[in-house]
Amino acid sequence: MSSFLTIANPDAARRMFLGRSGLLLSGAAVALLAGRDVLAAKSGGAAASDARILNTALGAELEAIAAYQVGAESGLLQKPVLDLAVQFQGHHKAHADLLAKTVQKLGGKPVLAKRKYEFPVEALKNQADVLQFAAKLEQGAVSAYLGAVPLFGNRDLSKAAASILGDEAMHWAILRNALGENPVPDAFMA
Amino acid sequence: MWRSALTVALAFVAGAAAGAKGDPARGEKLYVRCAACHALAYDRVGPRHCGLIGRKAGSIADFDYSPAMKKSGIVWTANTLDRFLADPPRLVRGTTMTYAGISDPKERKDLIAYLERNTASAECPKAK
C-alpha cells in the first residue's frame, strides 16, 4: 500500500496526507458542549456519574498529549510525520480542554496531568516504532470512547464522546497508513 | 469400534477443555481495547496488569484507585474478572473504569486467558 512516507518531497507528501485524510477537525465537536451552561442543571443526579466518565477520558487524553510530546521530542520523527504528530497532539489538547470544562460544568473536579508518565521509550528506536506506539494508543482510545458512549446519562455527552471517537479513529487510520498497513482493517470498531 | 468411540470421546473432552480455557492468542488481540488506559508492566490511567491474578482489587500502593474499587473486596480471579469485564460499572458502582464492558462471553474468556498467561510473564519483573 502506498504511503505519503515514501514521497521524497515533503510538501508533496504533506499535500497527499492532507488530501487523503481530511484531517481538519470539525468545530462541531467543540460546539456540542461549548456554551452549554445548562448542562449541569439538565443532568441532575446523573451528573456525578457523567463527570466520572469524562474524567477517565480526560486522564487518557492528558497521557496522549504527553505521549505525542515524547514522540515529537524523540528526534525520530521526520517531516511530514512530525507535523502530523504535532497536529494530532493539538487535537488531544482540544479534547482535554473540552472535557475539563465539561467536568467543571457538571460540578466535578477535572483530573490534572501527572507529573511523570511511563512510556516504553527504550523500545522506540526509529520512526516506525513511534508510529506503532501512537497507533496502539489511538486504537485503545477508540475502544475506550466506544465503551463510554452508552454509559452517559446525558445523550449530548454521548454525542460529544462519539465525535471525539471519530477523531481518534481518523488518527489511528492515518498512523496505520503511514506505517504502510491497511488503514481501515475492519468494517466495525470494537 | 470401542477404540474409535474412545478417540471421539477424548477429542470431545479435549475440545471442551480448550474452549473452557480460552485462547490467549486471540485474547492478545482483544487486549488492544484495554490499551487506552492499561499496560502490563506499568501504571497508566488504569493500574498495571502484571500480577493481576490473585491480587486484591485496589491494592497497588501507589495507584490512585476510586474509593469504590478500594472497598470492593474483590480478589481478581478468572471468575471475578469475567463478571467485572461483562459490565464494570455494574459490578463496582463508582469505578473509574467507565467502560460498558465486553458482552461476548467467548471474548472475555480469551482475554482472561491472555491475562492469566501474561500477567505472570517475563514482561513482569517488578510485579507485586
(message) Step by step: first the residues of the stretch B:32-73, then only those that are surrounded by 18 or more Cβ atoms within 10 Å (Cβ to Cβ) and touching a strand residue (DSSP E or B) at 6+ places or on another chain (Cβ under 8 Å), then the one that is nearest to A:Glu61 (Cα to Cα). Which residue is that?
(response) B:Ala57
(request) Test A:Gln127 against the criterion of being away from chain B (no Cβ under 11 Å), out of contact with any strand residue (DSSP E or B) (no Cβ under 6 Å at 6 or more places or on another chain) and touching a residue at least 40 places away in the same chain (Cβ under 8 Å), and give yes or no. (result) yes
(request) Just need a number here: residues in the stretch A:76-93 that are under 15 Å from A:Ala169 (Cα atoms) and touching a Gly at 6+ places or on another chain (Cβ under 9 Å). (result) 2
(request) Take B:Leu40 and decide whether it is in contact with a Phe, Trp or Tyr (Cβ under 6 Å, 6 or more places away or on another chain) and aliphatic (A, V, I, L, M). (result) no
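From the list B:Ala18, B:Ala14, B:Ala68, which residue is modelled with pLDDT of 95 or more, among the small types (Gly, Ala, Ser) and in a helix (DSSP H, G or I)?
On the way: B:Ala18 fails: modelled with pLDDT of 95 or more; B:Ala14 fails: modelled with pLDDT of 95 or more.
Just one listed residue meets the conditions, B:Ala68.
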(message) Between A:Leu137, A:Leu98, A:Leu84, which is of a type outside the set (Asp, Glu), under 30 Å from B:Ile102 (Cβ atoms), away from every other protein chain (no Cβ under 14 Å) and buried (at least 21 other Cβ atoms within 10 Å of the Cβ)?
(response) A:Leu98
(message) For the stretch A:159-180, check the following and say yes or no: at least one residue is part of a loop (DSSP other than H, G, I, E, B), touching a helix residue (DSSP H, G or I) at 6+ places or on another chain (Cβ under 7 Å), within 23 Å of A:Leu99 (Cα to Cα) and aromatic (Phe, Trp, Tyr).
(response) no
(request) Among the residues of the stretch B:78-109, write down those that are within 19 Å of B:Ala36 (Cβ to Cβ) and charged (D, E, K, R). (result) B:Asp87, B:Glu107, B:Arg108
(message) Within the stretch A:140-157, take every residue that is closer than 19 Å to A:Ala100 by Cα, within 11 Å of another protein chain (Cβ to nearest Cβ) and more than 13 Å from the chain's Cα centre (by Cα) and give me the one that is surrounded by the most Cβ atoms within 10 Å (Cβ to Cβ).
(response) A:Ala148
(message) Quick check on A:Val111: is it buried (at least 20 other Cβ atoms within 10 Å of the Cβ), outside any helix (DSSP H, G or I) and at pLDDT 95 or above?
(response) yes
(request) Quick one: which residue in A:Ile174, A:Ile164 is farther than 20 Å from A:Leu62 by Cβ, in contact (Cβ under 8 Å) with a residue 60 or more places away in the chain and more than 11 Å from chain B (Cβ to nearest Cβ)? (result) A:Ile174
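Mind checking which residues of the stretch B:91-126 are part of a loop (DSSP other than H, G, I, E, B), over 10 Å from the mean Cα position of the chain (by Cα), away from chain A (no Cβ under 13 Å) and under 19 Å from B:Glu28 (Cβ atoms)? Break it down stepwise before answering.
So the first thing to find is which residues in the stretch B:91-126 are part of a loop (DSSP other than H, G, I, E, B), and the list is B:92-104, B:119-126.
Next, only the ones that are over 10 Å from the mean Cα position of the chain (by Cα) stay: B:92-104, B:120-126.
Keeping just the survivors that are away from chain A (no Cβ under 13 Å) gives B:120-122, B:124-125.
Scanning the stretch B:91-126 gives B:Ala120, B:Ser121, B:Ala122, B:Cys124.
The values are calculated or read from the model by the stated rules, or taken from the named source; none is laboratory data. All values derive from a computational prediction rather than experimental measurement. Using ideal geometry, Cβ is built from the backbone for each residue, glycine included, and neighbour counts are taken over all protein chains shown.
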